[in-house]
Each structure stands twice: as C-alpha cells, then as structure tokens.
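Notes follow the structure.
Any read-out appearing in this document is the output of simple, stated calculations on the displayed coordinates, not a laboratory observation. Predicted model, so just to flag it, every value in this text is computed and none were measured. Here the Cβ is made from the backbone with ideal geometry for all residues, glycine too, and neighbour counts use every protein chain on show.
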Amino acid sequence: MSLSVVSSRFFAPRVRAFLLVLASVVLWGMAPVGNRYFIGSSHLAMPGATYMALRYAIASICFLPGVAGAMRRWSGQDWLRGGFCGLAGVAGYNLLGGVAARTVSAGMTGLINASESLMILLLSCLLARRAPSGRSILAALLGVGGIVLLAGSAGPAEGDLRGILLLLLGAFGWAVYCVAIPPLIRKHGALQSSAVTMFLGTLPLLAAGGPGLRQMMAAMPWREWQLMLFMSIGISVVALIAWNKGVALLGAQSASWFLYLLPVFSALGGFWLLGEPLTLAELAGGVMILGSVFIAQHRG
C-alpha cells in the first residue's frame, strides 16, 4: 500500500472526526481530576461556583471573536437554541458538577459522566421516533458492564448520594446539549456554535460564583493559575471545539460512544495525580468499555 493511500485514509473525514472526538474525551477525562483538586474537601476546597465562574470566564474570553461573528449572522431562533444549549450543557452541567466535586472522587465522576452515552442514545432515538439497533444495544450493555466493574472497585467508589444525584442531573444536561446543538453546527460551524453556547452558559456561572471571584483570584499562587489556564483553555475551549467538529461529521449518537471512555481516563488521572487507588477490576472494566466503543463504531 502506497504512502499516499495510507495518508488519504488516515486523514479521511471520518478518521479525523474519530481523532477529534477521542482527543476531547481524553481532555474531559482529566476534568474531574482538576475539578477535584480545586474543589475537593481533601484538596484546595475552593467554592465550586466561584471556581467554575473563573474557569469559564477565561474560556469565554477566548471565544469572544466567535461571539462577535455570530452577532452579525445568527437569527433570533439560533440565539435561543444557543442559549438553551449553554444553559443545559455549560451552566447546568458545571454548577452541579462544582457542588458534587466537593465529595465525589474523580473516578466516580468519570463513571457517572459515562452515562451520558446512554442518555444521548435514548434522547436521539426518542427524537427520531425509532428503536436503537441491536449493535447499539450490545455496545451499551458492554459499556454498562464495564462501568459496573469500575463502580464496584475500590478506586472510584468515593462519593455521597447527593453528589452522585447532582452529577447524574448534570450528565443529563450535557446529553441534551449534544442532541440539541448539531443544527447550529451544521448552519454556523463548530467554532461559532462553541463560542455562543460557552459565552451564554458562562453568564449564569458568573451570577452564581461572581461574588467571591476577586478574593479567590487574589489568593491563587502561580502554580494554581497554570492549572486553571489548562482547565480553562485546554479542557473548556480546545476540547469543546474538537468535540463539536467531530460531532458535525459523526453525529451525536456515534460520537457519544466515546464518552464511555471518560471513566478510564478519570480513573487513571485520579490514580496518577490524586493518589486514588487503581485496581484490577478497574482495568478489566476499562477493557470492556473500550470494547463497547469498538463495537459501536465498527462498520463490518
């Protein structure tokens, strides 16, 4: 096989979409680790709403050129959809996650976020008024089996009921975002769609966490600012654009299967950076989750 053929296959649109979605999930898998470090009661214990307000305010500044472009092109209906997506997937998801990160470990957060795949599948089928395919059901069962193994192991099993319920509600908000945003991406592109939803979703975060923002910023040393910039730009900006670009090519349901990988990266990150235990059961669960993604994406 010639180099040109290999190159054309590697850079084919669907392959690029896979890589974009995978990169976003790797980054998002690290988000619970960073959130736990900033908010967790056994770490820095920052106020969750104030931390999220700062993180997303920085991200929104990066998106201001995209918002300016949207102001010249978007219709009122587009802005309403963008506001709905921002409220569900940015404000709701992160406000709830900010409260939950106080008591729920990074590994457990990754587990709960992986449930977004099933939520997206159910919402997509509901909107399309069709039943899921046999391959989708098999992939879902294998992914759920991997999550059960992870949940039953020692590493990510830390968390109270209130925090877990808040994370589930936030995961539903993100699933709604993923199902609702594709029309905007097809019409205006991933960059503007990401910019508008991020900007509008940040406004409620600033309303909730703004009062303590100046005091928290003044107390942060440079090391924490470096991590904050990574969380804001790497995870909230780069990952969101990569995800939306990938979703534009794959569709919400196909891309959603990669969310099953979130607990794998969260558990590994929690083990490496926060000292959360990693067990053989977690590794086996990770293999099952990888298998579920392969089955969902394999074309024959």
note = Considering the stretch 53-100, residues that are outside any helix (DSSP H, G or I) and touching a Leu at 6+ places or on another chain (Cβ under 9 Å), and then whichever is surrounded by the fewest Cβ atoms within 10 Å (Cβ to Cβ), we arrive at W74
ask   = Can you name the number of the only condition in (1) within 30 Å of R14 (Cα to Cα); (2) without any contact (Cβ under 8 Å) to a residue 60 or more places away in the chain that G246 fails?
value = (2)
task = Tell me which residues, restricted to the stretch 97-123, are touching a Gly at 6+ places or on another chain (Cβ under 8 Å) and of a type in the set (S, T, N, Q).
result = T103, S105, T109, S117
